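Engineer: After the C-alpha cells below, expect a handful of questions from me.
The values are calculated or read from the model by the stated rules, or taken from the named source; none is laboratory data. Just so it is clear, the structure is predicted and the values come from calculations on it, not from any experiment. All Cβ positions, glycine included, derive from the backbone under ideal geometry; neighbour counts span all protein chains shown. Keep in mind that these areas ignore ligands, DNA and RNA; they rest on the heavy atoms of the full protein, side chains included. Shrake-Rupley method; radii C 1.70, N 1.55, O 1.52, S 1.80 Å.
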Amino acid sequence: MTWEAGQGHYPYQAVIDAYGDGGFRFAEMSHRGSVISLPTGMYAWDVDAAAGITLQSLSRALEAADALDVLLIGTGPDIAAISPDIRPAFREKGVIIEAVSTGSAVRTYNVLLAENRAVGAALISVAKAR
C-alpha cells in the first residue's frame, strides 16, 4: 500500500522500517514525502525542507502534546536550525524538542518507541539514507 504526501494517514504509530529515496516504509506500506508520527497515528507532512518547519506546520504535533514527552524533528540530510518559537511553545506543554538529521531522528524514534516512550517524530524525507 502506498499513500501520497498530503493525503496519507495510518491510524497507529509505527516503527519506521526504512527511509530514503524520498520517503519512508512502515507498517508494510511505502510513503513518498515527509511524515509526522504521533500516538494518534502516522500522517503525511507537507514539508520538504528545514525552512518549512514552523509552529504552523507542527500544529498537529502541538495538538497532541499532552500525549508526548519528546518530539524528534528530522531536518533532512543534515542538522538545521529550527524557528526559535518552536521550542518554547512545546516546552510550555512539557515536550522536549530534539532537532537532528532525519537519519538520527528515525533511529532515536525507533528506540524510544520500542521502549514504549511517549515519542513523536516530524521527519523530512531524504534522497539517501545515511
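Engineer: Which of the residues that make up segment 77-109 are in contact with a Leu (Cβ under 8 Å, 6 or more places away or on another chain) and open to solvent by 90 Å² or more (accessible area, probe 1.4 Å)?
Structural biologist: Matches in segment 77-109: K93, I96.
Table: residues versus (1) closer than 27 Å to S30 by Cβ; (2) free of Cβ contacts under 8 Å to residues at least 24 places away in the same chain.
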residue: A61; (1), (2): yes, no
residue: D69; (1), (2): no, no
residue: V95; (1), (2): no, no
residue: V100; (1), (2): yes, no
residue: V111; (1), (2): yes, yes
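Engineer: Pull up segment 48-74, narrow it to residues that are open to solvent by 10 Å² or more (accessible area, probe 1.4 Å) and either aromatic (F, W, Y) or part of a loop (DSSP other than H, G, I, E, B) (or both), then point me to the one that is farthest from G33 (Cα to Cα).
Structural biologist: Checked segment 48-74; the qualifying residue farthest from G33 (Cα to Cα) is D69.
Engineer: Quick check: is even one residue across segment 32-45 surrounded by fewer than 19 Cβ atoms within 10 Å (Cβ to Cβ) and over 14 Å from the mean Cα position of the chain (by Cα)?
Structural biologist: Checked against the condition, which is being surrounded by fewer than 19 Cβ atoms within 10 Å (Cβ to Cβ) and over 14 Å from the mean Cα position of the chain (by Cα), segment 32-45 yields no hits at all.
Engineer: Within segment 32-47, how many residues are not charged (D, E, K, R) and not in a strand (DSSP E or B)?
Structural biologist: Going through segment 32-47 one residue at a time, the tally reaches 4.
Engineer: Looking at (1) closer than 17 Å to G120 by Cα; (2) at pLDDT 95 or above, can you tell me which one Y10 breaks?
Structural biologist: (2)
Engineer: Residue by residue through segment 12-31, note down the ones that are open to solvent by 40 Å² or more (accessible area, probe 1.4 Å), more than 19 Å from R130 (Cβ to Cβ) and in a strand (DSSP E or B).
Structural biologist: S30
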